[in-house]
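Only one structure is covered here, and it is reproduced in the block below.
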Amino acid sequence: MIIFKTVSQLHQYIQQQKLSGLGVGFVPTMGALHTGHISLVKQSKSACDITVCSIFVNPTQFNDSKDFEKYPIAIEQDIYMLEMAKCDVLFLPNVDEVYPRNFDQNKQYDLGFIETVFEGAYRPGHFNGVCMVVERLLNIITPNKLFLGQKDYQQCIVLKKLIEIMNVDIDVIICPTSREENGLAMSSRNRRLSDDAKEKATIIYNSFNKIKEKISITNSVELIEDTKQFFYKNGFDSIDYLNFANAETLEPIELWDGTTPLVILTAAFIEGVRLIDNMVLR
Ligand code: PAF
């Protein structure tokens, strides 16, 4: 694996590969890698000639500076995991490479409705920061395919919109959420949970599966209320949201009409750690 720390060297390398007709797959990350990230790398490797993974903890997407400071860093282990997965290139820039002095950090993206709900509502400015860094990375790496995890469901929709706004020809490949054996969605934040909380947090996935079996046009409100109570009884401290939504537009749905494509999404705290998860139901 080649590690690039500067934009100019990486850019030059990629352009050479593209001139030789090679297709580039890109997996953006903030490090503290787990099996979920590695599965994105593997999917990119199976679909593209060259796979580039980036590790950059992007300050502009943290609306809470404490969250940024607490973000886990595990660079040695990350490099080892990427080597094992035979990732071709790691881009490991510092903040000045990504945001040089002349970079406009006030740029605003018109994301519309999607930015006003769920993560957008609870983390103001978050998606603007995500778009800022991903636009920059896409311009540097110029990939043919971008690999994203379904765990960040709303981020996937936002980044599809960014690609539309940028008007570039990049395929977005959404890969299924990787889970622990007990169903807990893999996340870098899981490292901050005790074993007990990791076990309790499996109720998110278990509840979603039960809801998938039971959902009908008469019980959507009741299912949400019961599941919230179940979360609280099982050790969750608070719930930012637990909702159904239109799976394409993310418009929240209370009373499901039986035909609208449906996703359930949650963000909930256990041991002070904010976990997110989702499941497409119909
Ligand atoms: O999902 C993430 O880890 C980040 O939001 C991303 C896409 C790498 C941008 O910083």
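Every number in this text was worked out from the coordinates using simple rules, so none of it is lab data. Please read all numbers here as calculations on a predicted model, not as lab measurements. Because the Cβ atoms are built from the backbone with ideal geometry, glycine has one as well, and the counts that use them run over all protein chains shown.
Placing +1 on each Lys and Arg Cβ and -1 on each Asp and Glu Cβ, with no other charges, gives the stretch 61-119 a dipole about its Cα centre of roughly 60 debye.
The Cα-based radius of gyration of the stretch 228-276, divided by its Kirkwood radius, gives an Rg/Rh of 1.07.
If each Cα of the stretch 1-125 is one equal point scatterer, what is log10 of I(q)/I(0) from the Debye formula at q = 0.15, 0.21, 0.22, 0.23 Å⁻¹? Per q value, in the given order, log10 I(q)/I(0) is -0.85, -1.26, -1.29, -1.31. Take the Cβ atoms of Gln16 and Phe113, set R0 to 45 Å, and the FRET efficiency comes out at 0.60.
Taking a 23 Å limit on the Cα-Cα distance, which of the listed pairs Lys161/Lys198; Lys70/Lys198; Lys42/Lys145; Lys200/Lys228; Lys45/Lys161 fall beyond it? Going by Cα-Cα distance, Lys161/Lys198; Lys45/Lys161 fall outside the 23 Å limit.
Per residue, the chain reaches -11500 deg cm²/dmol at 222 nm when only DSSP H runs of four or more residues are counted, each adding -39500 (n - 2.57).
Diagonalise the Cα gyration tensor of the chain and give the resulting equivalent ellipsoid semi-axes, square root of 5 times each eigenvalue, largest first, whole Å.
Values: eigenvalues 220, 84, 68 Å².
Its equivalent ellipsoid spans semi-axes of 33, 20, 18 Å.
Compute the normalised compactness of the stretch 96-162: alpha-carbon radius of gyration over 2.2 N^0.38 Å, N being the residue count. Provide the component values of the computation, followed by the final result.
Values: Rg = 12.5 Å, N = 67, 2.2 N^0.38 = 10.9 Å.
The value comes to 1.15.
Report the antiparallel proportion of the DSSP beta bridges in the chain as a percent, rounded to a multiple of 5.
Working: 19 of 38 bridges.
Here the share of antiparallel DSSP bridges comes out near 50 percent.
Placing +1 on each Lys and Arg Cβ and -1 on each Asp and Glu Cβ, with no other charges, gives the chain a dipole about its Cα centre of roughly 460 debye. In terms of packing, defined here as the mean over residues of other Cβ atoms within 10 angstrom, the peptides 6-13, 164-171, 36-43 line up highest first as 36-43, 6-13, 164-171. Computed from the Kirkwood radius of its Cα pairs, the Stokes-Einstein diffusion coefficient for the stretch 138-282 at 37 °C and 0.692 mPa s stands at 200 µm²/s.
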